[in-house]
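Below is one structure, written out as structure tokens; comments come after it.
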Amino acid sequence: MRRPSQARYQYGDHVCTLYGSRAEQLGAAIEFVRGGLAGGERCLYVCCEQTPDEFREELRRAGIDADAEEARNALELITKHEGHLEGGAFDAARMIEMLAAALSEALATGFNGLRGAGDMTWLLDRAPGSHELLAYEALLNYFCANRPVILLCQYSREKLPPKILESCLATHPQVRVEAPRLLRNPFYEEPEQAMLRSRDGARIHDKLAQIDALSAAS
């Protein structure tokens, strides 16, 4: 069976996908991991709605030997409690340090770079520190610049509040859509500007409709 085409990621990319279904979320995550493994990159995935075992099984169904990839340290699957919510709270600086350490380890062990992805529904826990999300996502654009790293942040259209979705659009230069393809995000703001103001989510439905229209037209 012929596999669907993959979105074309490049080093330095910080991409969001605003998915509407479990199938769409898994499709984006599996495609992302597959491309990274094929490109000699180390892949880190922070699970949330699926456990690592459940996501590992999805990878197997897609033809990826997850056990072998983990054994050679090319793939690491962790939970939200080992990633964004380590210690029971979110800390933007700690999370960026974790990504920096993962990138350094990847390069030191012979990989070409790092692909990091995460399911952002951990925000529904309303854990201490969650208010740092906007600053975190904005600062990741500095982290990604001029480094062999690609990040994919997965946001549920159905479960996450409009305020969070609008912050997501303000902080990601590119949006991945179901097709799959990457679109330039017309609502992206430079980090300094994005961090200046909070968002109430009032315009999120209009913004998502515009993203969908861009996708349909591309």
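A few notes on this one:
- For region 14-217, the share of DSSP beta bridges that are antiparallel, to the nearest 5, is 15%.
- In the chain, taking the dipole from charged Cβ atoms about the Cα centre, the farthest positive-side position among Leu99, Phe32, Met120 is held by Phe32.
- Annotation for region 1-64: trypsin sites (Lys or Arg not before Pro) lying in DSSP loop with at most 10 further Cβ atoms inside 10 Å of their Cβ are Arg2, Arg8.
- Between the residues Gly63, Leu139, Leu208, the greatest Cα displacement towards the positive end of the dipole of the chain, with unit charges on the Cβ of Lys, Arg, Asp and Glu, is found for Leu208.
- Top positive-direction residue, dipole computed over region 29-152 with Cβ charges, set Val46, Gly88, Phe111: Phe111
- Inter-label distance for Ala209 and Glu105, nm, one decimal - labels placed 7 Å from Cα along Cα-to-Cβ: 4.6
- Anchor Lys80: lysines whose Cα lies under 23 Å away (excluding residues fewer than 8 positions away in-chain): Lys159, Lys163
- Ranked by how many other beta carbons lie within 10 Å on average, peptides 12-20, 161-169 from highest: 12-20, 161-169
- Identified option (computed Cα extents along the principal axes in Å; candidates [x] 51, 51, 30; [y] 46, 41, 32; [z] 51, 37, 34): [y]
- In this label model, Ala38 and His81 are separated by 3.6 nm, measuring between points 7 Å along each Cα→Cβ vector.
- Test item: Cα-centred dipole of the chain, Lys/Arg +1 and Asp/Glu -1 on Cβ, debye: 640
- For Val177, the residues whose modelled amide H falls within less than 5 Å of its own, excluding neighbours fewer than 5 places apart on the same chain, are Leu183.
- Within region 20-45: backbone nitrogen closer than 16 Å to the Ala179 label point (7 Å, Cα to C-beta): 28
- Over the chain, Cα pairs under 8 Å with separation of 6+ residues give a relative contact order of 30 percent.
Each reported figure results from applying straightforward, stated rules to the coordinates on display, with no laboratory input. Source: prediction; values computed, not measured. Every residue, glycine among them, receives a Cβ derived from its backbone with ideal geometry; neighbour counts consider all protein chains shown.
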